[in-house]
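A short write-up of the structure that comes next.
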Amino acid sequence: MKNKVLMGLAAIAMVAFLSSCGKVPQAKVDATNTAIAAAQTAEAAVYVPAEFAAVQDSMKAINAAIEVQKSKLFKKFGPIELKLDETLAAANKVATDAVAKKEEVKKETEALMTEIKGVIEENGTLMKKAPRGKEGAAVLEQMKTEMATIEASVVEAQGSYDKGAYMDALNKVKAAKERAVAINTELKDAIAKVKR
């Protein structure tokens, strides 16, 4: 009888021990989710989209693995805890990288804004010197229309910049600069041909 009681207690102790090993590491799950939310707030999806997507995918895989373990009699969360530690570190790095990339994009946008204003100004001066033959007048009108569009894009880019949407501003100002430089080259070529 005494052996049966001891065996019963040993079995209960064993089950209690095994089930205590099988608790969801909720604190780590919460910490990782908080770090991912912080990365999202830092606009990681805009400035480091590939890295942010990888962190989100990793968390989805962890959540799926947790659900699988929950359905088992003897749960093992050790490997999941290691993956949570890795994902937490990655989420923190992504948030830091997003902040750094945002600052980098901000500076690049500022530099391009200054450059494009110079190109627009130069284009205005070159248009006055451009040849005005039969086709020249029509081409110049077309260029003036294009320059007005470019200037409107720069104003839009400035608006995006002022709102803190630096990536959007950068994309707009890059496209506008490309078009302005193309017009600048065309004007210089036309003026050079007349001088020959």
Quick one: which helices (runs of 4 or more DSSP H) lie wholly within the range 17-98 and hold at least 3 residues that are more than 30 Å from G164 (Cβ to Cβ) and of a type in the set (A, V, I, L, M)?
49-70
Just checking, does the range 130-137 include any residue being crowded, with 16+ Cβ neighbours inside 10 Å and either outside any helix (DSSP H, G or I) or under 22 Å from the mean Cα position of the chain (by Cα) (or both)?
yes
Across the range 99-128, the tally of residues that are under 29 Å from T41 (Cα atoms) and of a type in the set (G, A, S) stands at 2
Only residues that are closer than 18 Å to Q40 by Cα and of a type in the set (G, A, S): list them for the range 61-98, please.
A89, A90, A91, A95, A98
Enumeration of residues in the range 165-196 that are within 26 Å of K101 (Cβ to Cβ) and free of Cβ contacts under 8 Å to residues at least 60 places away in the same chain
A165, D168, N171, K172, A175, E178, R179
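Any read-out appearing in this document is the output of simple, stated calculations on the displayed coordinates, not a laboratory observation. Just so we're clear, the structure is a prediction, and the values are computed from it rather than from any experiment. All Cβ positions, even for glycine, are placed from backbone atoms using ideal geometry, and neighbour counts span all protein chains on display.
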